[in-house]
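The values are calculated or read from the model by the stated rules, or taken from the named source; none is laboratory data. Worth saying up front: this structure is predicted, and the values here are computed from it rather than measured. Cβ atoms come from the backbone with ideal geometry, glycine included; neighbour counts cover every protein chain shown. Just the protein is used for accessible areas: all its heavy atoms, side chains included, with ligands, DNA and RNA removed. Shrake-Rupley method; radii C 1.70, N 1.55, O 1.52, S 1.80 Å.
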Amino acid sequence: MTLNPRQRRLLEAVRRQVTVSVDDLAQQLAVTPQTVRRDVKQMEEAGLLARYHGGVGLPSSTENIDYSQRQVLNVEAKRRIAAAVAQRVRPGSSLLINIGTTTEEVARALTHHTGLHVVTNNLNVATIMAGQPGCEVIVAGGVVRGRDRGIVGEATVDFIRQFRVDIGIIGISGIEADGTLRDFDPREVKVAQAIIEQSREVWLVADHGKFGRQALVRLAHLSQIDKLFCDAEPPAALRPMLREAQVDVVVAQ
């Protein structure tokens, strides 16, 4: 689902307070409890919130939203982010691109670039870019996850480590308030860490829904990123950290 401004504020309120009652949310948003319940029901179906006894909270940090839901979640924001990335990728660049619906939008935005050399562990990215004239696509070996066509495993990590590229473009499941980047699958995390190691620059693509979202496995820290592409200003708590680490923040309005 694409969140409207009220639903964004609702999600932000839950992230701040961890668990909050429907009445408190209604008071904070200046709407009726019925409106909150309707929003919560839609957002629960999208995997963004969970209803618990006594209130509303974030879903489990051990399981990601289903791939088919992630494909349409905040899709316009992801496309704006992808367009901003594409504007900054020079023809002839070498890229490592990992698993994720936002990185797949980046691949679509890059289809008019020439002379790219793309290494990926995402079969969807490979399919999108394979038909592009003058673009070389190299697919990592490993275990293919049926649910999203991502490739993971130790063989994938070893394959990625053969390369040294201009730009690593990675997606993420959650960015915590202390700048920790988290994801759900330890195997996927190991591949993303290898991409960071093998890239001269690391570009993180993350829509506003990733800020404050919980996930199980630590991947990296924002200070390890060179550019952050998002569709809204990062939360105030992260801005000093981003400035200190000299991370270039690109907000795709």
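Structural remarks
- Residues that are part of a loop (DSSP other than H, G, I, E, B) and either open to solvent by 30 Å² or more (accessible area, probe 1.4 Å) or acidic (D, E) (or both), drawn from the range 114-125: T114
- Residue list for the range 80-101, filter: in a helix (DSSP H, G or I) and at pLDDT 95 or above: R80, I81, A82, A83, A84, V85, A86, Q87, R88
- Pairs, first open to solvent by 60 Å² or more (accessible area, probe 1.4 Å) in the range 46-62, second at pLDDT 80 or above and β-branched (V, I, T), C-beta under 7 Å, six or more apart: R51/V40
- Restricting R213, R218, R187 to residues that are touching a helix residue (DSSP H, G or I) at 6+ places or on another chain (Cβ under 9 Å), open to solvent by 10 Å² or more (accessible area, probe 1.4 Å) and assigned to a loop (DSSP other than H, G, I, E, B) narrows the list to R213.
- Matching residues in the range 226-253 - criterion: being basic (K, R) and either crowded, with 18+ Cβ neighbours inside 10 Å or outside any helix (DSSP H, G or I) (or both): K227
- Subset tally (residues that are in contact (Cβ under 8 Å) with a residue 60 or more places away in the chain, in contact with a Phe, Trp or Tyr (Cβ under 6 Å, 6 or more places away or on another chain) and among the hydrophobic types (A, V, I, L, M, F, W, C)) for the range 119-166: 0
- Checklist (1) surrounded by 19 or more Cβ atoms within 10 Å (Cβ to Cβ); (2) farther than 21 Å from N74 by Cβ applied to L204, failing item: (2)
- Residue that is modelled with the highest pLDDT [pool: residues in the range 136-160 that are basic (K, R) and touching a helix residue (DSSP H, G or I) at 6+ places or on another chain (Cβ under 6 Å)]: R149
- Any pair with Cβ under 7 angstrom, 6 or more apart, that starts in the range 172-183 at a residue that is closer than 15 Å to R15 by Cα and part of a strand (DSSP E or B) and ends at one that is of a type in the set (D, E, K, R) and at pLDDT 90 or above: G174/R182
- Selection count where residues are of a type in the set (G, A, S), open to solvent by 40 Å² or more (accessible area, probe 1.4 Å) and over 20 Å from the mean Cα position of the chain (by Cα), scope the range 126-181: 5
- Residue match in the range 69-79 (condition: at pLDDT 75 or above and either part of a loop (DSSP other than H, G, I, E, B) or open to solvent by 30 Å² or more (accessible area, probe 1.4 Å) (or both)): yes
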